[in-house]
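Engineer: A single structure is presented below for examination.
The values are calculated or read from the model by the stated rules, or taken from the named source; none is laboratory data. Only a predicted model underlies this, so the values are computations on that prediction, with no experimental measurement involved. As a convention, Cβ positions derive from the backbone with ideal geometry for all residues, glycine included, and neighbour counts pool all protein chains shown. Side chains included, ligands, DNA and RNA excluded: accessible areas come from the protein's heavy atoms. Shrake-Rupley method; radii C 1.70, N 1.55, O 1.52, S 1.80 Å.
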Amino acid sequence: MGVTGAVGNCFLKILEEREFPVNNIKLLASERSKGKKLKFNGKLYPVEALTHDSFKGVDIVLSSAGASRSLEFLPSAVKAGAVCVDNSSAFRMEKGVPLVVPEVNGHRIKEHKGIIANPNCSTIQMVVALWPIHKAARIKRIVVSTYQSVSGAGQKKVIELWEQSKLFLAKKKIDPVEFPHQIAFNLIPQIDIFLENAYTKEEVKMVNETRKIMGDESIRVNATCVRVPVFYAHSESVNIETEKHISADEVRHILSKAAGVKVIDDPANKAYPMPILAEGKDDVLVGRIRQDESVENGISLWIVSDNIRKGAALNAIQIAERIITH
Ligand SMILES: NC(=O)c1ccc[n+]([C@@H]2O[C@H](COP(=O)([O-])OP(=O)(O)OC[C@H]3O[C@@H](n4cnc5c(N)ncnc54)[C@H](OP(=O)(O)O)[C@@H]3O)[C@@H](O)[C@H]2O)c1
């Protein structure tokens, strides 16, 4: 579901790369894309318009067509006997729906009643890196500022940054369409709508989803989410306070062995994670690991990951792999 979008496209790529055992595949998008043909495993398949009858004979639904489509159509998929891995925010905080990052809480997958939710992209990369530290020293508080790429908001936003960059360099007038302001050569400290508490919905997602995935409602999280003129991969400056003291060296050691993490932390050689290093890669990159000298037990780190891969399609396909092997 949503196969013609940024995440949907990546679903096809990763299913091929990981040789996911597919007997038959159905490509679903809106009425607008009906009849378009997309290649999968060397064969062309037509895109079909999503309807309530789309799910007959389907075992697994990978869904990335937005929250309202998930709310409307996934119950029909479940009724038809499919297990759904949903990338939208529709069911993430619903009681009884597992919200899963396999490296952190993969054991929750089996609790599903037809729908498993894939977390928000910025949350996924943060918890993959923080979970091993939490297990070693118990994280009490997280302060995070994100630097989120435009692809996190879908394919149209990627085109908007491209077009605005060309206009900017040609010294022509820019009229934002997709973003509330110019995004080329600018930063926008707003992702999603503002809520009554003056935080954005994206920031509140990071708070609630982190607690649910890490299974610890007492973790305090403060997030500031910023859209930056980068095409792919989100970056995050993260500061944590732990219950037990842990040194930067210990964190580096723990993370160098952690599933799904690659440590790039050699400041003397100017080696640290950057979006251009994360793009197209599966691992969550972590670097700039250092003691926070302003508190007793604090660590600061820099986390970068491809938002379309680990932040969406890859995480969902890892969940689907567990569905069929467990
Ligand atoms: N991009 C990310 O990094 C990321 C990360 C995590 C989660 N997500 C979530 O994944 C979902 C999709 O994101 P995206 O970035 O791939 O967006 P996108 O590039 O805008 O793609 C949206 C997809 O949804 C389909 N769609 C829209 N309206 C539809 C309708 N009425 N019926 C059926 N299909 C419809 C579109 O089909 P047409 O082409 O036919 O319009 C397209 O395939 C969103 O819920 C988003 O929050 C995205």
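Engineer: How big, in percent, is the set of alpha carbon pairs in the range 207-312 lying more than 16 Å apart?
Structural biologist: Result: 64 percent of Cα pairs exceed 16 Å.
Engineer: Reported to two decimal places, what Rg/Rh ratio describes the range 208-263 when computed on Cα atoms with Rh from the Kirkwood expression?
Structural biologist: 0.99
Engineer: Once the Cα gyration tensor of the chain is diagonalised, what are the square roots of 5 times its eigenvalues, in whole Å and ordered largest first, as equivalent ellipsoid semi-axes?
Structural biologist: After scaling each eigenvalue by five and taking roots: 32, 25, 18 Å.
Engineer: Shifting gears a bit: To the nearest 20 Debye, how big is the dipole of the chain about its Cα centre, given +1 on the beta carbon of each Lys and Arg and -1 on that of each Asp and Glu?
Structural biologist: Taking the Cα centre of the chain as origin, the dipole is about 720 debye.
Engineer: I would also like to ask the following. If you average the alpha carbon positions of the range 11-41 and of the range 207-243, how far apart do those two centres end up, in angstrom?
Structural biologist: Comparing the Cα centres of the range 11-41 and the range 207-243, I get a distance of 32 Å.
Engineer: What is the magnitude of the charge dipole of the range 183-326 about its Cα centre, with +1 placed on the Cβ of each Lys and Arg, -1 on the Cβ of each Asp and Glu, and no other charges, expressed in debye to the nearest 20?
Structural biologist: So the magnitude is around 380 debye.
Engineer: Next up: Just the number, please: carbon plus sulfur as a percent of the accessible area of the range 175-326, 1.4 Å probe, no ligands or DNA/RNA counted.
Structural biologist: So the carbon and sulfur contribution to the accessible surface is 51 percent.
Engineer: With the crude spin-label approximation of a point 7 Å out along Cα→Cβ, what separation in nm comes out for Asn269 versus Asp192?
Structural biologist: Placing both labels 7 Å along Cα→Cβ, they lie 3.9 nm apart.
Engineer: Going by average Cβ neighbours within 10 Å, how do the peptides 101-113, 260-272, 314-326 rank, with the highest at the top?
Structural biologist: So the order, starting with the most tightly packed, is 314-326, 101-113, 260-272.
Engineer: Rounded to the nearest whole Å³, what is the per residue volume of the convex hull around the Cα atoms of the range 84-175?
Structural biologist: 143 Å³
Engineer: Between helix 314-325 and the chain, what is the angle of the helix's C-alpha long axis to the longest principal axis, kept within 0 to 90° and rounded to the nearest 10?
Structural biologist: In the chain, helix 314-325 runs at an angle near 70 degrees to the longest axis.
Engineer: Which FRET efficiency, nearest 0.05, do Phe168 and Phe40 yield, Cβ-Cβ r, R0 30 Å?
Structural biologist: 0.20
Engineer: With a probe of 1.4 Å, find how much accessible area the chain has per residue, and write the answer as a whole number in Å².
Structural biologist: Value returned for the chain: 48 Å² of accessible area per residue.
Engineer: Using helices alone, I'd like the mean residue ellipticity at 222 nm for the chain: each DSSP H run of four-plus residues gives -39500 (n - 2.57), total over residue count, nearest 500.
Structural biologist: My calculation for the chain gives -9500 deg cm²/dmol from helical runs alone.
Engineer: In debye, nearest 20: dipole of the range 273-326 around its Cα centre with unit charges on the Cβ of K, R (+) and D, E (-)?
Structural biologist: About 180 debye.
Engineer: Follow-up question, since we're still on this one. Of Asp283, Asp292, Asp53, which has the most accessible area and how do the rest follow, probe 1.4 Å?
Structural biologist: Asp53, Asp283, Asp292
Engineer: In the range 238-308, what GluC sites (Glu not before Pro) fall in a loop by DSSP, with at most 15 other Cβ atoms inside 10 Å?
Structural biologist: Glu243, Glu293, Glu296
Engineer: Roll a 1.4 angstrom probe over the protein heavy atoms and tell me the percent of accessible area of the range 28-146 that is carbon or sulfur.
Structural biologist: On the range 28-146, the fraction of accessible area on carbon and sulfur atoms equals 52 percent.
Engineer: How far apart, in nm, are two points set 7 Å out from the Cα along the Cα-to-Cβ line at Arg290 and at Ala248?
Structural biologist: It is 0.6 nm.
Engineer: So if R0 is 35 Å, what FRET efficiency would Arg220 and Ala80 give, r being the distance between their Cβ atoms, rounded to the nearest 0.05?
Structural biologist: Approximately 0.25, to the nearest 0.05.
Engineer: Measuring from a point 7 Å past the Cα of Phe185 along Cα-to-C-beta, which residues in the range 150-172 have an amide N at less than 12 Å?
Structural biologist: From the range 150-172, the list is 164-172.
Engineer: Okay, next question. Which one, Ala136, Ile213, Pro176, projects farthest toward the positive side of the charge dipole computed for the range 127-248 from Cβ point charges (K/R +1, D/E -1)?
Structural biologist: Of the listed residues, the answer is Ala136.
Engineer: Find how much the distance from Lys13 to Ile324 grows on full extension, using 0.36 nm per residue of separation minus their present alpha carbon separation; answer in nm with one decimal.
Structural biologist: 110.1 nm
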